[in-house]
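To keep things clear, I will list the structure first and then write my remarks on it.
The values are calculated or read from the model by the stated rules, or taken from the named source; none is laboratory data. Worth saying up front: this structure is predicted, and the values here are computed from it rather than measured. Virtual Cβ from ideal backbone geometry, glycine too; neighbours counted across all protein chains shown.
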Amino acid sequence: MTGVIDIMNYAPLVAPGLSGTEYQFDEFQTMVRTTLRPLLRNGIVTTQWGREVDVAHPPTEPDPTLNIDGALAELDRTGCDAAVLACVKMWSYRSHHRLIMDMPEEVVAEAVQKGGGRFIGGAGYNPFRIDDSLRRIETFVRDHGFRYVYFHPMTFGLAPNDRRCYPLYAKCAELGIPVGLQVGHSAEPLPSNVGRPMLVDDVAIDFPDLKINLSHTGWPWTGEFISMLWRHPNVYGDISAYFPKSLDPELVRAMDRQIRHKVMIGSNGLDLKRCVEELNELPLRDASKERILRQNAVEFLGL
């Protein structure tokens, strides 16, 4: 096996200044007191490759400056051949009723151009701006070589089978690219019930030729996550946002059995080297590890 493929990373890998502004919003301030608390040290969150953000005084304007050499060095450090850079769009469902994260596709497009094939563009989707989103997706797929769309329906308070998500699935099917979305609970104070993996059942049936990635393990509905990957040929899933040693034992067993050819590794902006090391310590067969670290992503993305 050659290098790892990180199926779930973000635009700040190549432009570190894009990370940090989200901590000015209530949702992320709550998150650092709860689900992100283990990563907080003296009021500082450390983001990709050592960038520190003071969550009490976060930056208010993103800096789109590229650091391609730094990003390539980080891939080399972690043994990663290629990483998906998702341009996430997140909506303030409760507090502000506007976008609180909007990673620019233009920055990732430049990184894809300059990265020698090691960065894979993942466009975003705003289901409250359907026409504009679909035009942008088509532009960045056809003109800039993007191979993926990742979106975050729960931050908009929507389930994946909501009618406002269906135009995205149709567009991805038309373009011949896969789509990914978060399932499981929300780390932020956002509705979690719309993140139940079983809600993807309708989508997988309605779009049998569309490859779908369910991100973040589906916890606490691990059984539903396993079910969707097991029973639908077009549904995959990643274990990003969790270090492997903390994975549900039920999921670990399934990763070595019925869904071993469907699970992919992703860093979610965490230390991929640690993720890989912990995956290798799990009681999995070598053949299962090889699929999870690389081959499943090759098949999913059509590389």
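Worth a mention:
- Note on the range 82-109: residues that are surrounded by fewer than 17 Cβ atoms within 10 Å (Cβ to Cβ) and either of a type in the set (Asp, Glu) or closer than 13 Å to residue 12 by Cα (or both) total 2.
- Residue match in the range 245-256 (condition: under 27 Å from residue 209 (Cα atoms) and surrounded by fewer than 16 Cβ atoms within 10 Å (Cβ to Cβ)): no
- Check on residue 186, under 19 Å from residue 122 (Cα atoms), buried (at least 17 other Cβ atoms within 10 Å of the Cβ), out of contact with any Lys or Arg (no Cβ under 6 Å at 6 or more places or on another chain) and not basic (Lys, Arg): no
- Single unsatisfied condition, residue 76 versus (1) part of a strand (DSSP E or B); (2) at pLDDT 95 or above: (1)
- Filtered residue count, the range 213-232, keeping only those that are part of a loop (DSSP other than H, G, I, E, B) and closer than 28 Å to residue 85 by Cβ: 3
- Filtering the range 85-132 to residues that are of a type in the set (Val, Ile, Thr) and within 14 Å of residue 68 (Cα to Cα) leaves 107, 108, 112, 120.
- When residues of the range 46-68 are limited to those that are free of Cβ contacts under 8 Å to residues at least 24 places away in the same chain and not in a loop (DSSP other than H, G, I, E, B), the one farthest from residue 246 (Cα to Cα): 54
- Residues considered: 168, 199, 210. Of these, the only one that is crowded, with 16+ Cβ neighbours inside 10 Å, at pLDDT 95 or above and in a loop (DSSP other than H, G, I, E, B) is 210.
- The residue that is nearest to residue 88 (Cα to Cα), counting only those in the range 18-42 that are assigned to a loop (DSSP other than H, G, I, E, B) and at pLDDT 85 or above, is 19.
- Residue check for residue 122: small (Gly, Ala, Ser), part of a strand (DSSP E or B) and either modelled with pLDDT of 95 or more or surrounded by fewer than 23 Cβ atoms within 10 Å (Cβ to Cβ) (or both): yes
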